[in-house]
Amino acid sequence: MEYRRLSHCVYYCDYHLVLVTKYRRKIFNEGIFAYFRDKLEEIRKHYPLIDYQVVNHDQDHIHLLVSIPPMMGVGNAVRIIKANTAKSLKQKFPFLKEVYWGQDSVWSDGYFVSTVGVNEQVIKEYIEQQGQEDAGQAKLVLG
């Protein structure tokens, strides 16, 4: 677990995202997935605060463990990822234009998101112990 620091905040906002292909079409093989990862790195150049920690795939969906800063909504980050990768994938792999004929994207409209956070019990104990002599809990929780 790594806390991130900006000028006015310290945060740990990690999310598990699942992006599903439109119609659950099985378009991802190792080559297309490698190109997708390259596109994520290009996105990172323009949005350096979106930090991809783990990325993997099945044939019809992508899993990401990603850190998104608190001033950027998860939906906004997903929109950035989907928009930039869909266009690039269709340009690089012409067969996708046929698979998704008449469609703007290779992605379904929705997505799955789940927070990945600090242990809930640790946070409860930290809050309950506020005002007591600090025995290192603040350092442990807020590093």
- Taking the Cα centre of segment 49-97 as origin, work out the dipole magnitude from +1 charges on Lys and Arg Cβ and -1 charges on Asp and Glu Cβ, in debye rounded to 20. 360
- Note on the structure: Exposure proxy check on His46, His61: fewest-to-most Cβ neighbours within 10 Å is His46, His61
- Query: Normalised by the residues of segment 4-118, what does the relative contact order come to in percent, with Cα pairs under 8 Å and at least six apart?
  - Reply: 40
- Based only on Cα atoms, what Rg/Rh ratio does the chain have, Rh being taken as Kirkwood's radius? 1.10
- Item | Stretch in the chain that is longest and holds no GluC sites (Glu not before Pro) that DSSP places in a loop and that have at most 14 other beta carbons within 10 Å | 3-132
- Query: Suppose every K and R has +1 on its Cβ and every D and E has -1 on its Cβ; what is the size of the dipole of the chain about the Cα centre, in Debye to the nearest 20?
  - Reply: 840
- Most exposed first, judged by fewest Cβ atoms within 10 angstrom, Ile81, Ile32 run Ile32, Ile81
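Please tell me which of these pairs span more than 29 angstrom C-alpha to C-alpha: Lys39/Lys97; Lys45/Lys97; Lys45/Lys87; Lys22/Lys124? Kindly include the intermediate steps, with their values, before the conclusion.
Working: Lys39/Lys97 18 Å; Lys45/Lys97 27 Å; Lys45/Lys87 17 Å; Lys22/Lys124 41 Å.
Violating the 29 Å limit, Cα to Cα: Lys22/Lys124.
Only the coordinates and a few stated rules stand behind these numbers; no lab work does. Keep in mind that this is a model prediction, so the values were computed, not measured. Please note: Cβ atoms are built from the backbone with ideal geometry, for glycine as well, and neighbour counts cover all protein chains shown.
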